[in-house]
Amino acid sequence: MNRVLSARTDIAWRKKAIRLLKKGNPKHILDIATGTGDMAIMACKLLKPDKITGIDISGQMLEEGKKKIDKEGLGDKIELLRGDSEAINFGENTFDAVMAAFGVRNFENLEKGLTEMLRVLKPGGQLVILEFSKPKQTAVRGLYNIYMKLVAPQVARWFKQNKEAYLYLGESANAFPERQNFIDILNKLGYCDTGYKS
């Protein structure tokens, strides 16, 4: 459904986000809210790290992800574990990089989750977050609102998916602190060299 609703644009977004990690040449990456492992699989292919650990609270999503990973022959590189992103079950300074795609807006306590990511990130490591936000341009924002409130839930219903989940997508994206507001939160928590790209 996400592929259909984004006309496969989410694939390009993921690739761009992952490539931001390339300069750091990370060997051990944590994928937050990994879901079915799409980001982990793509990062494994693009960055060739020694290991990627993906965590998610949904056991069903992880089971689907494990099937994908086995099919790709990446079981020795990618490990998926059940875990809470707001209480990460790893020690300090464990990972060279942390990434999250379309999951941070679902945190119950955003600052707690971001603090946990910083805790497990090695000094000098990178955090990359890919997330929805509202368009700035008025005309584009109008189209975006129509799409999120009317089109996405209707398409979800046609595909016998959960209409409410796609209504929630728009609501959670609207509630998420965007651009500079998000950067301000990161800076307050102790992140440095922060920035965003629309």
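Report, by residue number, each residue of the stretch 87-113 that is assigned to a loop (DSSP other than H, G, I, E, B), surrounded by 18 or more Cβ atoms within 10 Å (Cβ to Cβ) and touching a residue at least 24 places away in the same chain (Cβ under 8 Å). Write out each step before concluding.
Step one: list which residues in the stretch 87-113 are assigned to a loop (DSSP other than H, G, I, E, B), which gives 88-94, 102-103, 107-109.
With the extra rule that they be surrounded by 18 or more Cβ atoms within 10 Å (Cβ to Cβ), the set shrinks to 88, 102-103, 107.
Listed by number, the residues that qualify are I88, F102, G103.
Please work out if I129 is assigned to a helix (DSSP H, G or I), at pLDDT 95 or above and assigned by TED's automatic domain parsing to the domain that holds I57. Walk me through it before giving the result.
On the way: assigned to a helix (DSSP H, G or I): no; at pLDDT 95 or above: yes; assigned by TED's automatic domain parsing to the domain that holds I57: yes.
In short, no.
Being surrounded by fewer than 21 Cβ atoms within 10 Å (Cβ to Cβ) and free of Cβ contacts under 8 Å to residues at least 24 places away in the same chain: is that true of G59 here?
Yes, satisfied.
Given the criteria assigned to a helix (DSSP H, G or I), out of contact with any Gly (no Cβ under 8 Å at 6 or more places or on another chain) and either at positive phi or in the same structural domain as G54 (by TED's automatic domain parsing) (or both), does R119 qualify? Don't jump to the end; show me each part of the working.
Numbers: assigned to a helix (DSSP H, G or I): yes; out of contact with any Gly (no Cβ under 8 Å at 6 or more places or on another chain): yes; either at positive phi or in the same structural domain as G54 (by TED's automatic domain parsing) (or both): yes.
So R119 passes the test.
Which number in (1) hydrophobic (A, V, I, L, M, F, W, C); (2) more than 20 Å from M117 (Cβ to Cβ); (3) at pLDDT below 95; (4) assigned to a helix (DSSP H, G or I) marks the one condition that W13 misses?
(2)
If a residue counts only when it is modelled with pLDDT under 80 and surrounded by fewer than 13 Cβ atoms within 10 Å (Cβ to Cβ), which helices (runs of 4 or more DSSP H) contained entirely in the stretch 140-198 have at least 3 such residues? Working first, answer last.
Numbers: elements: 152-158, 163-175, 180-189.
Here the list reads 152-158, 163-175.
Confirm whether L118 is surrounded by fewer than 18 Cβ atoms within 10 Å (Cβ to Cβ), closer than 22 Å to Y196 by Cβ and without any contact (Cβ under 8 Å) to a residue 12 or more places away in the chain.
Spelling it out, it is not the case that L118 is surrounded by fewer than 18 Cβ atoms within 10 Å (Cβ to Cβ), closer than 22 Å to Y196 by Cβ and without any contact (Cβ under 8 Å) to a residue 12 or more places away in the chain.
Would you say L74 is at pLDDT 85 or above, within 15 Å of T53 (Cα to Cα) and either in the same structural domain as L20 (by TED's automatic domain parsing) or not in a strand (DSSP E or B) (or both)?
yes
Can you tell me which residue among L62, L46 is under 17 Å from the mean Cα position of the chain (by Cα), part of a helix (DSSP H, G or I) and under 22 Å from G124 (Cβ atoms)?
On the way: L62 fails: under 22 Å from G124 (Cβ atoms).
Of the residues listed, the single one that is under 17 Å from the mean Cα position of the chain (by Cα), part of a helix (DSSP H, G or I) and under 22 Å from G124 (Cβ atoms) is L46.
Kindly evaluate L81 against the criterion of being exposed (fewer than 14 other Cβ atoms within 10 Å of the Cβ), touching a Gly at 6+ places or on another chain (Cβ under 9 Å), over 18 Å from L127 (Cα atoms) and touching a residue at least 12 places away in the same chain (Cβ under 8 Å).
Working: exposed (fewer than 14 other Cβ atoms within 10 Å of the Cβ): yes; touching a Gly at 6+ places or on another chain (Cβ under 9 Å): yes; over 18 Å from L127 (Cα atoms): yes; touching a residue at least 12 places away in the same chain (Cβ under 8 Å): yes.
Taking the combined requirement at face value, the residue satisfies it.
The values are calculated or read from the model by the stated rules, or taken from the named source; none is laboratory data. Keep in mind that what you see is a predicted model, and the values were worked out from it rather than measured. Counting neighbours? That spans all protein chains shown, and the Cβs are built from the backbone with ideal geometry, glycine included.
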